[in-house]
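The values are calculated or read from the model by the stated rules, or taken from the named source; none is laboratory data. Model, not experiment: these values are computed from the prediction. Cβ placement follows ideal geometry from the backbone for every residue including glycine, while neighbour counts extend to all protein chains displayed.
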Amino acid sequence: MTLYTIGHLAKQYGVSTSTIRRWEAAGLIAASERTLGGHRRFRIEDDAGNHERKVVGYARVSSYDQKEDLQRQIVRLRNAGCDEVVSDIGSGLNCKKPGLRSLLTKLLFGKIARLVVTHEDRLLCFGVDLIRHLCRFVKTELKVLMLPPEKTFEEELSKDVITLMTMFCARLYGRRSRKAKNRTASEEKLGNSDENKLEFNTVSNGFCSTIR
């Protein structure tokens, strides 16, 4: 294992040093240590042959009520020969899912020989071409178990519009649900406060009557 400067790492991956800093800020890579001057040092394998590259599967569903589908994906990926399966529950438009971040980190460090998914859109709804490019760059094979049928331009456009509308509706309803829960909690708190006041007034009146 060797410590590399940020410039050396950027040159190795063919990106700028600012991109490496963004990857670090996003949690995709981590600096092993810093020098006394505050400079980053990254620890990576000296030779890709020093570690075994794995066959990794990625499974994803959009919501918790689809857990059964998630388990079916995982079983199918295991049966396809995956050594490890990374899974996520979340929107295909969300690029910050922990499983996806972990997967990208493994790709960046050349730890995946073959990436397997049941359907292409399990990776991302938009941006699969970027992952394909990354796989080619790190010499990782991307295998899709079920290739989608050929679609016309109109069908592709309709699918994209529906995907975006679904995401926005989910976020809108989620926001309304949170507001409703907060309002209910506030009303319950206010109701408890009123009950406490009523109980206090009752006790006070009883006490005053006893004094009289």
- Item | Set V75, V61: member being within 24 Å of the chain's Cα centre (by Cα), surrounded by fewer than 18 Cβ atoms within 10 Å (Cβ to Cβ), under 24 Å from V128 (Cβ atoms) and not charged (D, E, K, R) | V75
- Residue count, the range 17-28 (criterion: farther than 19 Å from K96 by Cβ and either modelled with pLDDT under 75 or surrounded by 13 or more Cβ atoms within 10 Å (Cβ to Cβ) (or both)): 1
- When you go through (1) surrounded by fewer than 17 Cβ atoms within 10 Å (Cβ to Cβ); (2) at pLDDT 70 or above; (3) not charged (D, E, K, R) one by one for L164, which number turns out not to apply? (2)
- Six or more apart or on different chains, Cβ under 8 Å: which pairs go from a residue in the range 21-33 that's under 11 Å from L108 (Cβ atoms) and touching a residue at least 12 places away in the same chain (Cβ under 8 Å) to one that's among the aromatic types (F, W, Y) and assigned to a helix (DSSP H, G or I)? Could you list them? I29/W23
- Task: Have a look at G81, G127, G110 and point out the one that is touching a residue at least 24 places away in the same chain (Cβ under 8 Å), of a type in the set (G, A, S), exposed (fewer than 15 other Cβ atoms within 10 Å of the Cβ) and under 25 Å from Q12 (Cβ atoms).
- Result: G127
- Task: Inspect all residues belonging to the range 34-43 and state whether any of them is in contact (Cβ under 8 Å) with a residue 12 or more places away in the chain, part of a strand (DSSP E or B) and loosely packed, with under 15 Cβ neighbours inside 10 Å.
- Result: yes
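What are the residues in the range 101-127 that are within 20 Å of N79 (Cβ to Cβ) and β-branched (V, I, T), if any?
I112, V116, V117, T118
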